[in-house]
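The values are calculated or read from the model by the stated rules, or taken from the named source; none is laboratory data. Keep in mind it's a predicted model, so treat the numbers as computed, not measured. Reconstructed Cβ throughout: ideal geometry from the backbone, glycine too, with neighbour counts over all protein chains shown. Calculation scope for accessible area: heavy atoms of the full protein, side chains included, ligands and nucleic acids excluded. Shrake-Rupley method; radii C 1.70, N 1.55, O 1.52, S 1.80 Å.
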Amino acid sequence: MRVVRSKDLIVERLGELGISLPEAPQPLGAYLPVVESGSTLYVSMQGPLKDGKSPWSGLLGREVSIEQGRDAARQCVLNSLAQIQRHQGGFQRIAAIARLDGYVACTEDFFAHPAVLDGASDLIATLFGSQAGHARSVCGVRNLPGNVPVALMLTIALRSRASRVRDQ
């Protein structure tokens, strides 16, 4: 028996799309960015940081448009993937994206939360295909750390480490 490392299809898809993962952002407090428990990976809340700051700030419905919110949600996914890559060394153990919890900082009369979070869900579907179907929650909040407009958390179902070993 020998260890065979399969291709990392997510890295390939990112390359095909011309997307480079950012450096995984540092936690903004006393917590771990990723926790693995059994066959589940929990990614702490990620904001839309690029190079340590967010290109978007403020509230949806006031300073931030729906399309900007969608872009921010996509950046949150990329930061989550950067955290996973740093923790796991790649994406080969991901069996499924199980859950996405999203937070949209918005005015009290903004109700297009799902449209904003679709930016994240659409990118996940593009990258993960059949592994992308996830449960999702989204809520509007008054503000988020750093005045970012969107933040999200992912819960990932993992394959066992032994599933990367095949008889040859």
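In what sequence, largest accessible area first, do VAL138, VAL116 appear using a 1.4 Å probe?
Solvent-accessible surface, decreasing: VAL138, VAL116.
When the chain is treated as a GNM with alpha-carbon contacts under 10 Å, the residue of GLY89, GLY18, GLY61 showing the greatest mean-square fluctuation is GLY18.
About its Cα centre, region 81-136 has a charge dipole of approximately 440 debye under the convention of +1 per Lys or Arg Cβ and -1 per Asp or Glu Cβ, with nothing else charged. Extension gain for THR40 to ASP109 (0.36 nm times residue separation, less C-alpha to C-alpha distance): 21.2 nm. Every Cα-Cα pair of the chain was included, and the share exceeding 30 Å stands at 17 percent.
Taking a quarter of the surface of the convex hull around the Cα atoms of region 73-168, what do you get in nm²?
6.9 nm²
Just checking the listed ones, GLY15, GLY146, GLY29: in the Gaussian network model of the chain with Cα springs under 10 Å, the one fluctuating most is GLY29. Structure remark: mean-square fluctuation, Gaussian network model of the chain, C-alpha springs under 10 Å; the largest value among ARG70, ARG62, ARG86 belongs to ARG62.
Remark: accessible surface ordering of GLU16, GLU108 (largest first) is GLU108, GLU16, probe radius 1.4 Å.
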